Amino acid sequence: MKLKANQIEAFRRDGYLVLTDLVGPVTCVGLRHQADALVAAFEPDDVASIFSTTNQQQATDRYFLESGGAVRCFFEEEAFDATGALQVPKSRAINKIGHALHDLDPVFAPFSRSSAFEDVVTALGVAAPLLLQSMYIFKQPSIGGEVVWHQDATFLYTDPVSVVGLWIALEDADIQNGCLWALPGGHLHGLKRRFKRGAGVSTFFEEMDDVVWRNEDFVPIEAKAGTVVVLDGKLPHGSRANRSARSRHAYAVHVIDREAKYPSDNWLHRPADMPMKGFRP
Ligand code: FE2
């Protein structure tokens, strides 16, 4: 698909662009079914046994830090009761699946490389896109967790900053079920911080810029299923908790520019035998 000049201009000005009806309803349903199948095949007991070792925090960190080249399920924080037992069925307990669906999953991989997505990100300035990360986000009914205001470049840093996010609504997302919120124009200011690897399996934030984001300046981005929201990597955004009875499924893919330097102290590492790839093999 070819973007119009006013769409490119809006992305430069606002830091995001909403493209309605870019993904068809049958495709949305197919992706949701595939995510359901991945969760059905996921054995929480296996993970629980990993996490019940003496060094629980280290195991938790490793499960996350080694997901850059894997397809792993992560729980909603509120899925567990005070004793640590799951208080909702497994199918309602998963927060997200990440972070290499775009390379490893037979349904998500070809979808992630849709030519429409390539057209969009190249028109918006990513000259030589590489697919870095993907996530399926469930935002479960009642317990779907808040995602605090952040910039994607905090987590997916390159020098210079090049990351662009494609956020695809697979169900209608509105204020009630925890749609995206963003700070229009906020990408024109600094990168607030970087999330880095420390020694061993530790991580930490490096503060970079003291720019202040005011809650009242954020606007909701409601999106019908099939809508793609393109996000500049420095755009402050997030989403509120989902206290509604409806889920809010979405899929996100992040691309970076091949020419930008990807630092080795980013949290997300790709295994040596899984180099990043572009839209075309
Ligand atoms: Fe984000």
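The values are calculated or read from the model by the stated rules, or taken from the named source; none is laboratory data. Computed from a predicted model, the values in this text were never measured in an experiment. Don't worry about glycine lacking a Cβ; one is built from the backbone with ideal geometry, like all the others, and counts go over all protein chains shown. The accessibility values were calculated without ligands, DNA or RNA, using every heavy atom of the protein model including side chains. Shrake-Rupley method; radii C 1.70, N 1.55, O 1.52, S 1.80 Å.
Leaving out same-chain residues fewer than 8 places away, which aspartates and glutamates sit with a Cα under 12 Å from that of LYS192?
Within reach: ASP152, GLU206, GLU207, ASP209, ASP210.
Once you wrap a convex hull around the alpha carbon atoms of the range 109-171, what is its projected area averaged over all directions, in nm²? Before the final figure, lay out each step's value.
On the way: hull surface 21.9 nm².
Convex hull of Cα atoms, orientation-averaged projection: 5.5 nm².
Among the listed pairs LYS96/LYS277; LYS196/LYS224; LYS90/LYS261; LYS4/LYS96; LYS2/LYS234, which have their C-alpha atoms separated by more than 30 angstrom in this model? Mind showing how you got there, number by number?
Details: LYS96/LYS277 23 Å; LYS196/LYS224 34 Å; LYS90/LYS261 39 Å; LYS4/LYS96 33 Å; LYS2/LYS234 24 Å.
Result: LYS196/LYS224; LYS90/LYS261; LYS4/LYS96 exceed 30 Å.
Can you tell which of ALA223, ALA245, TRP181 lies farthest toward the positive end of the dipole of the chain, using +1 and -1 charges on the Cβ of basic and acidic side chains (Lys, Arg; Asp, Glu)?
ALA223
In the chain, which helices (entire DSSP H runs) extend 15 Å or more along their own long axis, judged by Cα positions, while averaging at least 0.0 on the Kyte-Doolittle scale?
Details: long enough: 25-41 (24 Å, 0.74).
Span-like helices in the chain: 25-41.
With every protein chain kept in the model, how would you rank MET274, MET1 by accessible area, 1.4 Å probe, largest at the top? List each step's numbers first, then the result.
Details: MET274 35, MET1 80 Å².
The residues order as MET1, MET274, largest area first.
If Lys and Arg each add +1 and Asp and Glu each add -1, what is the summed charge of the other residues whose beta carbon sits under 14 Å from the beta carbon of ALA116? Each step should come with its number before you reach the end.
Numbers: positive: LYS2, ARG113, ARG280; negative: ASP21, GLU118, ASP119.
With Lys, Arg at +1 and Asp, Glu at -1, the net is 0.
Let me have the relative contact order for the chain, percent, based on Cα pairs under 8 Å that are six or more residues apart. Could you put the intermediate results ahead of the total?
Working: 612 pairs, mean separation 81.1, N = 281.
Relative contact order of the chain: 29 percent.
Rounded to the nearest 500 deg cm²/dmol, what is the calculated helix-only ellipticity per residue at 222 nm for the chain, with -39500 (n - 2.57) per DSSP H run of length n ≥ 4?
Only helices count here, giving -6500 deg cm²/dmol.
Can you give the convex hull volume per residue for the Cα atoms of the range 53-120, as a whole number of Å³?
Working: hull volume 8.4 nm³, N = 68.
Cα-based convex hull of the range 53-120, divided per residue, equals 124 Å³.
For ASN95, enumerate residues with amide H under 5 Å from its amide H, sequence gap 5+ or separate chain, H modeled in the peptide plane.
Under 5 Å from the amide H of ASN95: PHE74, PHE75, GLU76.
Could you tell me the center-to-center distance, by alpha carbons, between the range 14-37 and the range 148-224 in angstrom?
The two parts, judged by their Cα centres, are 20 Å apart.
Jot down the per residue volume, in cubic angstrom and as a whole number, of the convex hull over the alpha-carbon atoms of the chain. Present the calculation step by step, with values, prior to reporting the outcome.
Values: hull volume 38.1 nm³, N = 281.
Dividing the Cα hull volume of the chain by its residue count gives 135 Å³.
Using each residue's phi in the range 145-162, evaluate 6.51 cos²θ - 1.76 cosθ + 1.60 at θ = phi - 60° and report the 3J(HN,Hα) Karplus result to the nearest Hz, with x for Gly and Pro.
x, 5, 10, 5, 3, 7, 10, 4, 5, 4, 9, 10, 7, 9, 10, x, 4, 9
Looking at the chain, identify the longest residue range that excludes and avoids all trypsin sites (Lys or Arg not before Pro) in DSSP loops having at most 16 other Cβ atoms within 10 Å.
5-213
Ordered by residue, what ³J(HN,Hα) values in Hz, to whole numbers, does the range 224-233 give under the Karplus form 6.51 cos²θ - 1.76 cosθ + 1.60, where θ = phi - 60° and Gly and Pro are x?
Along the range 224-233, the couplings run 6, 3, x, 7, 10, 9, 9, 10, 4, x Hz.
Check which residues have an amide H placed less than 5 Å from LYS277's amide H, if you skip close sequence neighbours.
LEU131
Can you tell me the equivalent ellipsoid semi-axes for the range 115-239? Use √(5λ) from the Cα gyration tensor, largest first, whole Å. Spell out each step's value before the answer.
Values: eigenvalues 103, 76, 51 Å².
Values for the range 115-239, descending: 23, 20, 16 Å.
What nm value, rounded to one decimal, do you get for the distance between GLU206 and GLN87 when each label is placed 7 Å out toward the C-beta?
If labels sit at GLU206 and GLN87, their model points lie 4.0 nm apart.
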